[in-house]
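S.K.: Before I ask anything, let me first share the structure, which is written out below as structure tokens.
Where a number appears in this text, it was derived from the coordinates with a stated rule and is not lab data. Just so it is clear, the model here is predicted, and its values are computed rather than measured. All Cβ positions, glycine included, derive from the backbone under ideal geometry; neighbour counts span all protein chains shown.
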Amino acid sequence: MSRARAVHGLRDEIAALDEATEAYISQAQAQTDLFAQLRAAAHSIAAQRQREELQRNLRVLDATGQGVPPRWSLARLEADYDELLLRVSVRPESSGDYARDMREGLSAALAHAGFTVTSAAQYTVFARLDIEDLSPRDGWHWRNGVLEVSLRDEYGHSVGSRRWVLKEAATDPALADRRIIEAAVATLVDELGAAIFSFTE
């Protein structure tokens, strides 16, 4: 491919990403639902990150070394997203035999994902962990865990739910219980944020 064709192709791709970004920003501004705003804002950031890579390539090939100056500041878009995220307030709730552990895990996971955790929240996340005792094998005590999480809006309507199946073992029964609880908390910290956004898509 000639240099001129490469430059032309990069400029076209950048123009398409700018057009998409403008549409995502308009969507975010038109929405009243915070999750819908966050989704649109996240898409605009992804488009501009891709554009940034293309711009670097274009500046190498472009005779002026300028490329196509960005219409939006990526840092500003990211800051706007963070501000939106802080406006989403969530209350953690839990039930079952391990309610206290799950409530503490939920609070940590929600804060890790960037949500505002408060008792007076728009959304409530419920978590429940059920543990099944399996028969000991070769000196090992096995535990199956089922972790269920659901999101409800301010009217109590279900927004979505997610279920994880966990398995842990230890030579001591109490340690086996502790390991499955820790695995559930780690799952919340690692995956809860993405799960909540998937509920609202």
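S.K.: Just to be sure I follow the definition: excluding the sites themselves, where is the longest run in the chain that has none of the trypsin sites (Lys or Arg not before Pro) in a DSSP loop with at most 15 other Cβ atoms within 10 Å?
M.R.: 88-201
S.K.: Here's a follow-up. Give, as a single signed number, the net charge of other residues whose beta carbon lies under 12 Å from the beta carbon of Glu191, with Lys and Arg counted +1 and Asp and Glu -1.
M.R.: After counting each charged neighbour, the total is +1.
S.K.: Also: Report the relative contact order of the stretch 3-86, percent, no decimals, based on alpha-carbon pairs under 8 angstrom and at least 6 residues apart.
M.R.: 35 percent
S.K.: Have a look at Gln27, Gln66, Gln48 and tell me which one the Gaussian network model of the chain (Cα, springs below 10 Å) gives the largest fluctuation.
M.R.: Looking only at Gln27, Gln66, Gln48, the largest GNM fluctuation is found for Gln66.
S.K.: So, one more: Expected output is a single nm value to one decimal: the length gained when fully extending between Thr64 and Ala120, i.e. 0.36 nm times separation in residues minus the C-alpha distance. What is it?
M.R.: In short, 14.6 nm is gained.
S.K.: Name the residue from Ser2, Asn144, Gln122 whose Cα lies farthest towards the positive end of the charge dipole of the chain, charges +1 on Cβ of Lys and Arg and -1 on Cβ of Asp and Glu.
M.R.: Result: Ser2, furthest along the dipole toward the positive end.
S.K.: Also: So how far apart, in nm, are the two label points at Ser135 and Thr171 if each is 7 Å from Cα heading toward Cβ?
M.R.: Taking the simple label geometry, Ser135 and Thr171 are separated by 2.3 nm.
S.K.: Taking only C-alpha pairs under 8 Å that are 6+ residues apart, what is the relative contact order of the stretch 89-199 in percent?
M.R.: Normalised by residue count, the contact order of the stretch 89-199 is 27 percent.
S.K.: Quick check for me: using +1 on Lys/Arg Cβ and -1 on Asp/Glu Cβ, what's the dipole size of the stretch 3-86 about its Cα centre, in debye to the nearest 20?
M.R.: Taking the Cα centre of the stretch 3-86 as origin, the dipole is about 420 debye.
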